[in-house]
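Chemist: Structure incoming, see below.
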C-alpha cells in the first residue's frame, strides 16, 4: 500500500467517524497507537514488582506480580481522545479493574476516601478515579 493510499484511507475513515459525531472537534483519527511516555520506557523486574493499595483504605494490601495476575480481570472497549489531538476508536483493554476490586470488597476504602491516585515510575502520579 502506498503512502497516498494510507493517507487517503485514513482520511476516508476519519470522515465516516466524523459523520457519526464520534470525532471531537480538532481531533484527528489514528489507526496506530501513539506511545507517549514521560522518561525512558520502564523495564520492570517482575521478581520485585508490586502493586500496593494504601492510604484511606480499611487494610493496606500489596500484591506481587503472580498474585496480581490472579485477580479478576475485566475487558472494556472504548474510544481514546488524547490531549495531543489524536483519537483512536474501539480500543480493547483488558486488565484488573480497580472499580471491580472495590465493588467486590477486595479493596475497602474508608468512608472519607474521595479519590484514587496512582503512583508510578519516576515520581509520576495520576488521579484515576473518584469514589463519589
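The values are calculated or read from the model by the stated rules, or taken from the named source; none is laboratory data. Please read these numbers as outputs of a predicted model, since none were measured by experiment. Counting neighbours? That spans all protein chains shown, and the Cβs are built from the backbone with ideal geometry, glycine included.
Chemist: Looking only at residues that are in contact (Cβ under 8 Å) with a residue 12 or more places away in the chain and out of contact with any strand residue (DSSP E or B) (no Cβ under 7 Å at 6 or more places or on another chain) in segment 57-70, which one is surrounded by the most Cβ atoms within 10 Å (Cβ to Cβ)? Quick ask: steps written out before the conclusion?
Modeler: At the first step, the residues of segment 57-70 found to be in contact (Cβ under 8 Å) with a residue 12 or more places away in the chain are 57-59, 61-65, 68.
Narrowing the set further to residues that are out of contact with any strand residue (DSSP E or B) (no Cβ under 7 Å at 6 or more places or on another chain) leaves 58-59, 65.
Numbers: 58: 12, 59: 8, 65: 14.
Looking at the filtered set, the residue picked out is 65.
Chemist: Does residue 114 satisfy the condition of being over 26 Å from residue 22 (Cα atoms) and either surrounded by fewer than 12 Cβ atoms within 10 Å (Cβ to Cβ) or in contact with a strand residue (DSSP E or B) (Cβ under 6 Å, 6 or more places away or on another chain) (or both)? Walk me through how you get there before you give the answer.
Modeler: On the way: over 26 Å from residue 22 (Cα atoms): yes; either surrounded by fewer than 12 Cβ atoms within 10 Å (Cβ to Cβ) or in contact with a strand residue (DSSP E or B) (Cβ under 6 Å, 6 or more places away or on another chain) (or both): yes.
In short, yes.
Chemist: Within the group 84, 91, which residue is under 19 Å from residue 28 (Cα atoms), out of contact with any helix residue (DSSP H, G or I) (no Cβ under 6 Å at 6 or more places or on another chain) and part of a loop (DSSP other than H, G, I, E, B)? I'd like the intermediate steps shown before the answer.
Modeler: Working: 91 fails: part of a loop (DSSP other than H, G, I, E, B).
Result of the check over 84, 91: 84.
This table checks each residue for (1) at pLDDT below 80; (2) more than 29 Å from residue 102 (Cα to Cα); (3) assigned to a loop (DSSP other than H, G, I, E, B); (4) out of contact with any helix residue (DSSP H, G or I) (no Cβ under 8 Å at 6 or more places or on another chain).
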{"position": "7", "(1), (2), (3), (4)": "yes, yes, no, yes"}
{"position": "11", "(1), (2), (3), (4)": "no, yes, no, yes"}
{"position": "14", "(1), (2), (3), (4)": "no, yes, no, yes"}
{"position": "31", "(1), (2), (3), (4)": "no, yes, yes, no"}
